[in-house]
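Comments concern the structure below.
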Amino acid sequence: LVVVLMTVIDLFLDAGTMIIAGLFCTLLIVASRLAKQYPCRQVASLGLGAEPGSLAGQVELIRSHVMRPAISRNCLASHGRKVLILFPSNLTFLACSTISEDIISRLESNHAERADGGKAFEILILMVGGHETTGIHFTSMIADLAGLANKHNFKIILGAAEDTVIDALEVFGLKPPPLMLSEERCRRQDPPNIESGQVAIIPSEKSQNAVTRPYCTVVMLAEHLLLAQHLEQESKSPVQVKTLTGSPVKNSDWMRNSAMVASAGIATSHPAHAVAVAFHSRLNDYDKGYEPKMLLSIMASMQVKELLDGDIIYSPDGVTLQEMAISAGDLGKVPPLIWLISGDLDHIWMGGAFEFGHFREYEAQNGLPRDAAEFQAALVSKEEQRAGLVVGPLSTVLGFTGAMPHVGKIIARQKSTVCLMQREAYDKLMKNEPDTAARIQIYLARANFINGCDPSVKFHM
């Protein structure tokens, strides 16, 4: 079209008019290219089904690094699409305008289509780190979004915020004033009270022990907020594992499995009854060599431990580089299999202490810093414990099965209860009851396969 226009101009117009027309055609080209650019390099959600709108080409599914029990995962699968996470390409006037218009369009469309008053989304997150945020167009956009949040009752969160963002919003004078949230406050299971129309700000993480991916703390907060809103209703239904699409998983009826485990001799009062149920659900009807009575020997090989805040379950401190690469060396340096029965565990990457090429590759692939960094966590609330739910095994499986040291430190962040299987106990079971020990290998393989489909489980070292 531009070529045709320029040809006509060249034939019929004088030089001055040609220059003006050329500038006009150039503006048309620039405008058409800008119109095709999305304001966000990525749009994400905690569940399937969210729409990208005019913000990006597609919506990606992301979760925090926290491993959670079945009820919480079901809840996030059901309601996660109500969380919209924006990673802007920039925060220019055009980008801010497009974002505001898209949000308004979503709210208006949802109001027109839904007679039940359901929300277009419940939490809107903008990851603003690394962008110019001192312009009036940015602060005006945040003020407009805060007004919409007050009117339509959704929460707005700014993640990875630099000091310039905080200063700009303070000068602007938002009402109510922004709520500043630390990383420690975000990770607590009881979420903070964010007032209607209030902007919550999570500063950019500068601590050495910050979580690996910069959005993890923000996403963890969004998960806690969503679970606080919907988990109680989800808990009223019978416990049954579901896929991300909401389909029930075969053999995941907890009550039925619990009864079968109790009949096999692991009473419901047993402190690790829930772990036995987890084994049974992964093996029954799936593994032809499995018999429920095998659980007696499997559970006898485990130990239940009570931990206090700061207690270390495993650490590679004292492991040499040579030992890190050797299997069947000192079994005391092999990590246990770990299931969390209740409480809060952190899994800290310690690979930076070892000049090992495999670890550098692993850090590069997963965005891990060489410094100690939390790359996995596990949470089980008291309510979930009473429902008989556990989390695990944590990502020590490779070290355990390979009879070699593990590159992470596992530490309790509050009073917690864990179930452990040490490699020495497994070796003894393998010698005395090889068929039963084989069931553990099959369980671990199946659990690893299922965990590989869980967006929160990214690490398997």
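The values are calculated or read from the model by the stated rules, or taken from the named source; none is laboratory data. No experiment lies behind these values; they were computed from the predicted model shown. Here Cβ is always computed from backbone atoms with ideal geometry, including for glycine, and neighbour counts include all displayed protein chains. The area values use the complete protein model at the heavy-atom level, side chains included, leaving out ligands, DNA and RNA. Shrake-Rupley method; radii C 1.70, N 1.55, O 1.52, S 1.80 Å.
If ligands, DNA and RNA are left out, what is the accessible area of R446 with a 1.4 Å probe, given in Å² to the nearest 10?
So the heavy atoms of R446 present about 80 Å² to solvent.
Would you kindly state how much longer the chain becomes between S182 and Q414 on full extension, computed as 0.36 nm times their sequence separation minus their alpha carbon distance, in nm to one decimal?
81.7 nm
Would you work out if region 361-458 is rounded, prolate or oblate? Take a ≥ b ≥ c from the square roots of the eigenvalues of the alpha-carbon gyration tensor; rounded if a/c is under 1.5, else prolate when a/b is larger than b/c, oblate otherwise.
Since a/c reaches 1.5 but b/c is at least a/b, the shape of region 361-458 is classed as oblate.
I need the calculated FRET efficiency for the pair L398 and Q58, taking r as the beta carbon distance and R₀ as 35 Å, to the nearest 0.05. Could you put the intermediate results ahead of the total?
Values: r = 32 Å, r/R0 = 0.92.
So, using R0 = 35 Å, E works out to roughly 0.60.
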